[in-house]
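Taking it in order: structure first as structure tokens, then the write-up.
Every number here is computed from the coordinates shown, using simple stated rules; none is lab data. Just so it is clear, the model here is predicted, and its values are computed rather than measured. Cβ: placed from backbone, ideal geometry, glycine included. Neighbour counts: every protein chain shown.
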Amino acid sequence: MATCLFTAQTICAEMDSGTPNDTTVYTPWFGSPADAATFLVEVQAISRDATLTIDVQTKKVDATDSAAAAPTIGSSISRTATGVGSSRYAGMLELVRIKATLSKGTTDGVVYCTFRMLPVAWELN
């Protein structure tokens with residue numbers, strides 16, 4: 001049975017005196033059983049003027065974290081409202097992780113987002 005990559009998480013970001021302070025969090029690295037997959041994020045709650053961006057990163061087992069790169073095919077999942085967003089990625093290496101970034105819009109203040117990553121749909125060879 002497939003499970004979520006992690007239970008719901010809440011992160012906050014702010015803009016102070018016109019300077020954005022985005023918040024970025026990463027999942028631990030996990031093995032990639034296939035070259036391609038569809039990743040899904042469910043946004044359960046999000047502030048007005050907030051954007052959650054999900055990126056997938058990949059690397060070889062012996063590479064450092066700084067060598068992490070985006071898969072060769074796929075684009076960020078960007079959400080500004082509740083609901084589910086998805087993107088298909090291909091060109092994965094041996095390890096994969098999720099990078100989640102919450103950004104605040106144009107006015108000063110704090111925003112939040114509660115989200116979870118749904119089970120990955122791996123395209124097994």
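One chain, two ends: Ile73 and Tyr26. Fully extended at 0.36 nm per residue, the span grows by 14.9 nm beyond their Cα-Cα distance.
Might you report the magnitude of the Cβ-based charge dipole of segment 6-123 about its Cα centre, with Lys and Arg at +1 and Asp and Glu at -1, to the nearest 20 debye? Once rounded to the nearest 20, the dipole reads 200 debye.
Model label points for Ala8 and Ala34, set 7 angstrom from Cα along the Cα-to-Cβ axis, are 2.8 nm apart. Taking the three principal axes of the alpha carbon atoms in the chain, the coordinate ranges are 48, 31, 22 Å, sorted in descending order. Residue by residue, segment 15-28 carries 3J(HN,Hα) couplings of 10, 10, 6, x, 9, x, 10, 5, 10, 10, 10, 10, 7, x Hz when phi is fed to the Karplus relation 6.51 cos²θ - 1.76 cosθ + 1.60 (θ = phi - 60°); x denotes Gly or Pro. Roughly speaking, what is the centre-to-centre gap between segment 1-59 and segment 62-93 when only Cα atoms are used, to the nearest Å? Rounded to whole Å, the Cα centres lie 10 Å apart.
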